[in-house]
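Scroll down for the structure; my scribbles are underneath it.
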Amino acid sequence: MESLIKPILTEKMTAQGEKLNRYGFIVDPRANKLQIRAAVEQMYNVVVTDVNTMNYMGKAKSRYSKAGLLRGRANNFKKAIVTLKEGDTIDFYSNI
């Protein structure tokens with residue numbers, strides 16, 4: 001199972017990456033902290049000191065259309081905040 005889905009590239013996560021050496025990822029909801037740690041260490045060749053996870057419920061969405069009011073829900077997802085060893089960094093923009 002590939003546990004990492006995509007990195008979180010927001011202004012807030014970029015600031016945490018620079019100040020606190022923390023990086024955010026959207027991960028598989030079934031992945032545990034040990035699997036997330038192993039996936040980050042293998043993919044980015046860094047040493048992970050801490051992993052925090054959060055489960056998010058998808059927001060309820062509604063919109064008006066010709067057919068009337070359409071209701072639905074965005075997908076549920078799991079977010080992981082990974083803290084790296086002092087001196088290690090991940091550069092998400094290096095392969096652009």
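Of note:
- Any chance Val27 is crowded, with 18+ Cβ neighbours inside 10 Å, under 19 Å from Ile5 (Cβ atoms), in contact with a Lys or Arg (Cβ under 7 Å, 6 or more places away or on another chain) and β-branched (Val, Ile, Thr): yes
- Inter-residue pairs, beta-carbon under 9 Å, first open to solvent by 100 Å² or more (accessible area, probe 1.4 Å) and in region 59-70, second assigned to a loop (DSSP other than H, G, I, E, B), 6+ apart: Lys59/Ala74; Lys61/Ala74
- For Lys79, the stated conditions hold: it is at pLDDT 90 or above, out of contact with any helix residue (DSSP H, G or I) (no Cβ under 7 Å at 6 or more places or on another chain), assigned to a strand (DSSP E or B) and of a type in the set (D, E, K, R).
- Within region 1-58, the set of residues being closer than 24 Å to Arg73 by Cβ, in contact with a Ser or Thr (Cβ under 8 Å, 6 or more places away or on another chain) and either assigned to a strand (DSSP E or B) or in contact (Cβ under 8 Å) with a residue 60 or more places away in the chain (or both) comprises Gly24, Val27.
- Residue match in region 79-86 (condition: within 16 Å of Ile8 (Cα to Cα) and open to solvent by 30 Å² or more (accessible area, probe 1.4 Å)): yes
The values are calculated or read from the model by the stated rules, or taken from the named source; none is laboratory data. Computed from a prediction, not measured in an experiment: that's the story for all the values here. In this analysis, Cβ positions are derived from the backbone assuming ideal geometry, glycine residues included, and neighbour counts consider all displayed protein chains. Only protein heavy atoms, including side chains, enter the accessible area calculation; ligands, DNA and RNA are left aside. Shrake-Rupley method; radii C 1.70, N 1.55, O 1.52, S 1.80 Å.
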